[in-house]
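The values are calculated or read from the model by the stated rules, or taken from the named source; none is laboratory data. Keep in mind it's a predicted model, so treat the numbers as computed, not measured. Cβ coordinates were reconstructed from backbone atoms using ideal geometry, including for glycine residues, and neighbour counts include every protein chain displayed.
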């Protein structure tokens, strides 16, 4: 199974500041994803990637950028953080070889004040 | 676009009660359907999946049957335990040409089981 690790696990940021959430996976899955989790909304897809150098917009990409510099690493970037981006963010990895099963990290809790 | 609807937002049961969480989906073709479970402080983890009409997925006493006719994938367990308390997500993965593999999730159902 994929081992997906996220950092930081907890972050407090100021409004207007830059936040980078990092994700690393060790099982060489092609696809990686960033979701945010909010009460009443479940898990919503922000950005995803097919492989190194690729990023695609998900369902709620506004206010977020993504970067996939290597097969193992996928970052989510908030250039100008806003309080509405306070949430729990999950990174996931998977591909056709895993039957499209996604393996999730433990989450990063972000509070924007 | 694809969508998943979970009817129950919260379910409260006693141990040994029967559980049903309803899941209906909207997608073209033959999506793969999933149930994920999330325990406090952890990320979602796969419970099981099904890819074909009438296929039954099962794990840890939980089961669901892919029903293309009613576009449903309802989660059931005959006798719940306190340790089953968690959030349960129904999800689907559809193919539209390129293998995006992305999952569309329902809003989740919080299950609380009392001893």
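Can you confirm whether the range A:60-78 contains a residue that is surrounded by 13 or more Cβ atoms within 10 Å (Cβ to Cβ), touching a strand residue (DSSP E or B) at 6+ places or on another chain (Cβ under 9 Å) and in contact (Cβ under 8 Å) with a residue 60 or more places away in the chain?
Yes, because at least one residue in the range A:60-78 is surrounded by 13 or more Cβ atoms within 10 Å (Cβ to Cβ), touching a strand residue (DSSP E or B) at 6+ places or on another chain (Cβ under 9 Å) and in contact (Cβ under 8 Å) with a residue 60 or more places away in the chain.
Based on this model, can you work out whether residue A:93 counts as surrounded by 20 or more Cβ atoms within 10 Å (Cβ to Cβ) and more than 22 Å from residue A:13 (Cβ to Cβ)?
yes
Please work out which one of (1) at pLDDT below 95; (2) away from chain A (no Cβ under 14 Å); (3) closer than 29 Å to residue A:23 by Cα is the condition residue B:92 fails and give its number.
Condition not satisfied by residue B:92: (2).
Taking the options B:57, B:61, B:41, name whichever one is over 18 Å from residue B:4 (Cβ atoms) and within 14 Å of chain A (Cβ to nearest Cβ).
Of the residues listed, the single one that is over 18 Å from residue B:4 (Cβ atoms) and within 14 Å of chain A (Cβ to nearest Cβ) is B:41.
Out of (1) more than 14 Å from every other protein chain (Cβ to nearest Cβ); (2) touching a strand residue (DSSP E or B) at 6+ places or on another chain (Cβ under 7 Å); (3) in contact (Cβ under 8 Å) with a residue 60 or more places away in the chain, what's the single condition that is false for residue B:103?
(1)
Can you name the number of the only condition in (1) crowded, with 20+ Cβ neighbours inside 10 Å; (2) touching a residue at least 24 places away in the same chain (Cβ under 8 Å); (3) within 11 Å of chain A (Cβ to nearest Cβ) that residue B:35 fails?
(3)
Kindly state which strands (runs of 3 or more DSSP E) lie completely within the range B:42-115 and contain at least 2 residues that are within 29 Å of residue A:109 (Cα to Cα).
B:45-50, B:86-93, B:103-105, B:109-114
Mind checking which strands (runs of 3 or more DSSP E) fall wholly inside the range A:4-73 and carry at least 3 residues that are at the interface with another protein chain (Cβ under 9 Å from one of its Cβ atoms)?
A:31-38, A:42-49
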